[in-house]
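The values are calculated or read from the model by the stated rules, or taken from the named source; none is laboratory data. Remember, predicted model here, so these are calculated numbers, not experimental data. Cβ sites come from the backbone with ideal geometry, for glycine too, and all protein chains shown count toward neighbours. Side chains included, ligands, DNA and RNA excluded: accessible areas come from the protein's heavy atoms. Shrake-Rupley method; radii C 1.70, N 1.55, O 1.52, S 1.80 Å.
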Amino acid sequence: MDVNDTDPADTTGSGATRSSMWGGRFAAGPAAIMERINASIDFDKRLYRQDIEGSKAHCRMLIATGIIDRADGEAILTGLDQVLQEIVEGRFVFKTALEDIHMNVESRLREIIGPAAGRLHTARSRNDQVATDFKLWTRDAIDDLDGAVAGLQAALIAQAETHADVVMPGFTHLQCAQPVTFGHHMLAYVEMLGRDRGRLRDARARLNECPLGSAALAGTGFPIDRAMTAADLGFDRPTANSLDAVSDRDFAIELMAAASLCVVHLSRLAEELVIWTSAQFRFVTLSDRYTTGSSIMPQKRNPDAAELIRAKTGRVVGHLTGLLMVMKGLPLAYSKDMQEDKEPVFETVDTLGLCLAAMTGMVQDLQVNRDRLAAAAGAGFSTATDIADWLVREHGVPFRDAHHITGAIVKLAEDKGVGLEDLSLADLQAVEPRITDDLRLDAAGSAAARTSLGGAAPDRVRAACVEARRRFLDGESPA
């Protein structure tokens with residue numbers, strides 16, 4: 001995308017070649033293969049809105065500081081508005097020979113307003129220009145992703161509220177552990193996504209420094225007002241060091257790292273949906289909108305949306321690794337390697353946005369099979385811990401002793417081929433005489449007893465839903 005050390009002083013419009021772009025330094029145009037490897041317009045044209053926004057802010061500053069006269073400045077601003085309109089309306093012709101979005105915009109501006117367009121690039125480089133454009137785009141992307149994650153949180157909270165008292169098995173090692181509630185399970189993902197939003201917002205706060213005015217790498221001798229352009233573009237402040245400003249891509253890597261963790265969380269939920277919709281589990285049913293059939297087996301309802309989210313996780317994490325490898329050995333300041341930063345970030349944002357939309361739709365449409373969940377909740381001796389807790393609470397038995405007693409009761413149930421709830425009082429007392437008929441071993445009662453803060457009890461879940469709405473959905477936006 002960006003530049004070599006020397007920026008073009010001028011462009012020549014639609015017929016520009018490399019030699020005309022770079023002035024007198026180059027006598028001949030590039031080889032065809034050089035044009036192909038060097039050009040970035042096929043993907044960096046996505047930055048058109050941010051590029052024009054940044055150019056307009058730069059122009060307003062040049063006018064205000066007297067670096068260019070007002071007449072030329074106003075012509076530039078009007079011309080940039082026309083360029084933006086042409087792009088939005090699909091009338092703009094992007095040219096590979098002009099390499100990138102910056103030169104395409106500037107070349108078209110020259111066609112519209114003439115030589116005055118050449119004044120726009122005073123006191124800036126494509127190095128600080130692209131860093132600014134990319135930060136603006138990343139900031140917008142973070143805001144969009146934050147809203148999408150919040151939408152998924154809202155869908156999960158709604159399911160948690162509806163199913164706050166629906167008992168289900170809780171798992172460790174994918175083995176039945178203790179009964180929980182479906183609402184409690186949904187809220188676990190709300191918390192994960194809350195951390196994802198925190199990481200996105202942290203990344204946004206750190207990136208919100210404006211590189212514009214750093215020029216190629218050393219700043220500029222023109223009397224520019226960097227605070228003005230930073231404020232104009234919504235940044236908190238200008239960057240403090242020109243070398244760092246043009247060579248920094250931490251903001252892109254931070255976004256991709258946050259996106260990687262977020263999509264891993266989506267993949268975990270996707271995996272559970274794949275398991276839960278299987279004939280062996282039948283915990284939930286996905287709607288026709290997010291499943292597919294089989295070309296040969298008419299009975300099939302395949303959870304393809306969930307499976308694709310699970311697979312796309314590798315794509316997102318791979319892009320993070322790729323950009324880290326691009327940046328790992330670069331000396332200061334700008335190197336052409338950094339042109340490879342845009343595509344992985346663009347695809348990461350697109351992929352995560354798609355996965356969030358698909359997961360939100362699946363969660364919203366999800367049908368919970370209450371009876372099946374309730375039947376499974378007591379499987380695998382999931383209420384065994386309740387026996388130990390009861391002995392501790394009612395008779396003061398040390399927990400480790402109670403744990404040993406409970407293990408013997410579980411062994412008895414295994415030998416009889418029954419569940420704990422099917423053992424008679426005589427069976428229980430044969431192992432531990434202090435047990436009375438006050439001991440209840442039903443799954444719903446077990447879940448309801450988990451009343452500690454953050455626990456699975458229905459009343460706790462309902463209260464947690466209210467609190468989650470307050471924490472995650474009723475706050476201010478990151479902007």
A convex hull over the alpha carbons of region 271-418 yields, per residue, a volume in Å³ of 249 Å³
Here the Kirkwood hydrodynamic radius of region 32-119, Cα-based and in Å, equals 13.4 Å
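How much mean residue ellipticity at 222 nm does the chain get from its helices, if each DSSP H run of length 4 or more adds -39500 (n - 2.57) and you divide by all residues, to the nearest 500 deg cm²/dmol? Don't skip to the answer; put the middle values down first.
Values: 19 runs with 277 residues, N = 479.
That calculation yields -19000 deg cm²/dmol at 222 nm.
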One finds the C-alpha centres of region 36-62 and region 179-238 to be spaced, in Å, by 20 Å
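Give the accessible surface of the chain per residue, rounded to a whole number of Å², with probe radius 1.4 Å and ligands, DNA and RNA excluded.
45 Å²
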Between the Cα axis of helix 399-416 and the main Cα principal axis of the chain, the angle (0 to 90°, nearest 10) is 70 degrees
Bounding extents of region 391-447 in its principal axis frame from Cα atoms, largest first in Å, are 30, 23, 18
If every Lys and Arg gets +1 and every Asp and Glu gets -1 at its Cβ, then about the Cα centre the chain yields a dipole, in debye to the nearest 20, of 360 debye
The relative contact order of region 164-261, taking Cα pairs under 8 Å that sit 6 or more residues apart, comes to a percentage of 24 percent
Taking only the alpha carbons of the chain, the radius of gyration and the largest Cα-Cα distance, Dmax, both in angstrom, are 30.6, 100
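Remind me, relative contact order of the chain in percent, using alpha carbon pairs under 8 angstrom and six or more residues apart? Please report the intermediate quantities before stating the final value.
Working: 712 pairs, mean separation 83.4, N = 479.
Relative contact order for the chain comes out at 17 percent.
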For region 32-119, the dipole about the Cα centre with charges only on Cβ (Lys and Arg +1, Asp and Glu -1), to the nearest 20 debye, works out at 60 debye
For residue 95, the lysines lying under 23 Å Cα to Cα, once residues fewer than eight places off in the same chain are dropped, come out as 45, 56, 336, 342
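Only sites in a loop by DSSP and with at most 10 other Cβ atoms within 10 Å count here; which trypsin sites (Lys or Arg not before Pro) in region 49-132 make the cut?
Values: sites: 49, 56, 60, 70, 91, 95, 108, 110, 119, 124, 126; in loops: 91, 95, 124.
In loop regions of region 49-132 (DSSP not H, G, I, E or B), the sparsely surrounded trypsin sites (Lys or Arg not before Pro) are 91.
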Computed on Cα atoms, the radius of gyration and Dmax of region 155-234 in angstrom are 24.2, 70
On each of the three principal axes the extent of the alpha-carbon atoms of region 189-235, given in whole Å and largest first, is 52, 21, 8
Out of 96, 172, 207 - ranked by how far each Cα lies towards the positive end of the dipole of the chain, with unit charges on the beta-carbon of charged residues - the top one is 96
Taking Cα atoms only, helix 384-395 is inclined relative to the longest principal axis of the chain by an angle, in degrees rounded to 10, of 60 degrees
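Can you tell me the mean projection area, over all orientations, of the convex hull of region 331-479's alpha carbons? Units nm², please.
Numbers: hull surface 67.8 nm².
So the Cα hull casts an average projection of 17.0 nm².
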For the residue 64, residue 304 Cβ pair and Förster radius 45 Å, calculated FRET efficiency rounded to 0.05 is 0.20
Taking GluC sites (Glu not before Pro) as exposed when in a DSSP loop with at most 16 other Cβ atoms inside 10 Å, the chain has its longest clean stretch at 90-475
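Accessible area of the chain with a 1.4 Å probe: how many percent of it is carbon plus sulfur? Write down the numbers at each step before the final one.
On the way: 11190 of 21610 Å².
Percent of accessible area from carbon and sulfur atoms in the chain: 52.
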Amide H contacts under 5 Å for residue 215, restricted to residues at least 5 apart in sequence or on another chain and with H modeled in the peptide plane, are 125, 128
Helix 250-276: inclination vs the chain longest Cα principal axis, degrees, rounded to 10, gives 30 degrees
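What's the Cα-based Rg to Rh of region 423-479, Rh via Kirkwood? The partial results should precede the final answer.
Details: Rg = 19.6 Å, Rh = 14.5 Å.
Over the Cα atoms of region 423-479, Rg/Rh equals 1.35.
So what is the relative contact order of region 55-177, in percent, for Cα pairs below 8 Å that sit 6 or more residues apart? The partial results should precede the final answer.
Details: 51 pairs, mean separation 23.9, N = 123.
Relative contact order of region 55-177: 19 percent.
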